[in-house]
Amino acid sequence: MATDSTDEDAADARVAAIENLSTEDRTFPPPAGFRERSLVAGPFLYDEAAIDDEGFWARQAADLLDWDRDWDTILDWQPPFAKWFVGGQLNVCRNAVDRHVDAGRGDVVAYHWEGEPGDTRTVTYADLLDEVQRAANALKGLGVERGDRVAIYMPMIPELPVAMLACARIGAAHSVVFGGFSPDALADRINDAGCRVVITADGGFRRGAPSLLKPNVDLAVTHCPTMEHVLVVRRVTDHPHSPEGTAVEMVDGRDQWWHDLVGAAAPDCPAEPMDAEQLLYLLYTSGTTAKPKGIMHTTGGYLTQVAFTHRYVFDQQDDDVYWCAADIGWVTGHSYIVYGPLTNGVTSVMYEGTPDTQTADKGGREHGRDRWWDIIERYGVTTLYAAPTAIRTFMKWGRAEPDGHELSSLRLLGSVGEPINPEAWIW
């Protein structure tokens, strides 16, 4: 009996400990300076949407986006199917890139990109527009047309959002496949979507070494009868941080280097108006419990939602430097690294690798576990959007790394992917 009682006491203690981890009664009002600058003060947006939800979203669509044709119907609701802004036309790429350049903001930085080995690239909205138009023309040259599907299997490099936007510009739906997935997983998604082209890279850098992707594509496409072309970004081949001899096989007649094809393409490609219900992209579920399911994201409703949520949830200010530390291969990355921030004309940070990879910056300073904090300091990041798992990892590593950097630029922290426990939130 004593043993049973001891076991029960231990079980009760464990339950109490778990409850303590998920319970927090304190409140933390935003600082006065934050409230004064905030886009929203009070619950008026909720109240407005509750009174007239269709009218609310129509106003957001009109205020946040440029339309080529106004819609006839705000919402066609035939449960379980909803069609938003029926009859309206717009182009996602023009909203995300062209209109900022047309407004004289072409020199605004779209992405501060940081490679894991320490190489960097600054991409302005004018740079982005040039490369997207060339990439769109390159895809057209491969026979890609409106309504086709294009698979994208890439690391976190600038050519990934360029490829997505190039598809959106010409009305081809993209299907981004997370770069950590296997050849079989890639083949399943290519076949289900009926993709004719896959855009990939020879590889990327992960944990201090090249991680090849092209061999996975080579294995996958042998099982993909619809596949015609493979477009390859040169990332690790001949890179100074790659071991000597790092290379991938290129198949004649099927494979082409991105920089050769895109670099030679014409720099002008009109953004074609798309129906609001035109398919923008397919993104597949992970497939851990059943066959992966392709979730369809259409143009008008999706872009309205991500532009709105990015602007108001993150209280976007004109001088913000925003960093969503997710991977574009997941829906968070689609929405809050690519389409939401670009539509709102914000400056974002993209980072290729892991938080603790050892590297030296251009000044010769060594970085490891402080990599994120160094990036925040150098680029003046104001908004950081990250998963609780990352925050708990930093907690485990201790205060030395963040305390060694000037982080006063940070004004808003966002949590994504899972519930955040109080200890991590407060840390």
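Any read-out appearing in this document is the output of simple, stated calculations on the displayed coordinates, not a laboratory observation. The structure displayed is predicted, hence computed values, not measured ones. Cβ sites come from the backbone with ideal geometry, for glycine too, and all protein chains shown count toward neighbours.
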Enumerate the aspartates and glutamates that K293 could reach by cross-link, defined here as Cα to Cα under 17 Å, with residues fewer than 8 away along the same chain left out. D184, D188, D192
Gain on full stretching of the segment that runs from R69 to I426 - 0.36 nm per residue minus C-alpha separation: 123.8 nm
Taking θ as phi - 60°, what are the ³J(HN,Hα) couplings along the stretch 189-200 by the Karplus curve (6.51, -1.76, 1.60), each to the nearest whole Hz, with x for Gly and Pro? 6, 4, 5, 5, 7, x, 5, 9, 9, 10, 9, 9
Please give the contour-minus-distance gain from Q78 to R365: 0.36 nm per residue of separation, less the Cα-Cα distance, rounded to one decimal in nm. 97.4 nm
Picking from G194, N216, G171, whose Cα lies most toward the positive end of the charge dipole for the stretch 170-258 (charges on Cβ: Lys, Arg +1; Asp, Glu -1)? G171
Under-5 Å amide H pairs with G414, H placed in peptide plane, nonlocal only: L384, Y385, A386
Remind me, relative contact order of the stretch 51-190 in percent, using alpha carbon pairs under 8 angstrom and six or more residues apart? 17
If I take R0 = 51 Å and measure r between the Cβ atoms of V416 and D260 in this structure, what FRET efficiency does the formula 1/(1 + (r/R0)^6) give, to the nearest 0.05? 0.85
With no solvent term and unit scatterers on the alpha-carbon positions of the stretch 41-354, Debye gives log₁₀ I(q)/I(0) at q = 0.07, 0.12 Å⁻¹ of -0.27, -0.80
Amide H to amide H under 5 Å from H367: which residues, 5+ apart in sequence or cross-chain, H placed 1.01 Å off N in plane? T359, A360, D361
The FRET efficiency for V251 and R121, from their Cβ-Cβ distance with R0 = 35 Å and rounded to 0.05, is 0.75
Quick one: Cα centre-to-centre distance for the stretch 300-360 and the stretch 211-266, in angstrom? 27
Residues whose built amide H sits under 5 Å from the amide H of F85, excluding neighbours closer than 5 in sequence, are L75, D76
Along Cα→Cβ, 7 Å out, is where each label goes; now give me the distance between the ones at A103 and D47 in nm to one decimal. 2.8
Can you tell me, using C-alpha contacts under 8 Å and at least 6 residues apart, the relative contact order of the stretch 266-340 as a whole percent? 25
Given a Förster radius of 60 Å and the C-beta distance between D268 and R392 as r, what FRET efficiency does 1/(1 + (r/R0)^6) yield to the nearest 0.05? 0.80
Within-14-Å neighbourhood charge of T304 [Cβ basis; K, R +1; D, E -1]: -3
Relative contact order of the chain (C-alpha contacts under 8 Å, at least 6 apart) in percent is 17
Both in Å, the radius of gyration and Dmax of the C-alpha trace of the stretch 272-331 are 14.7, 44
Quick check: pseudo-label points 7 Å beyond the Cα along Cα→Cβ at H223 and H405, how many nm apart are they? 4.0
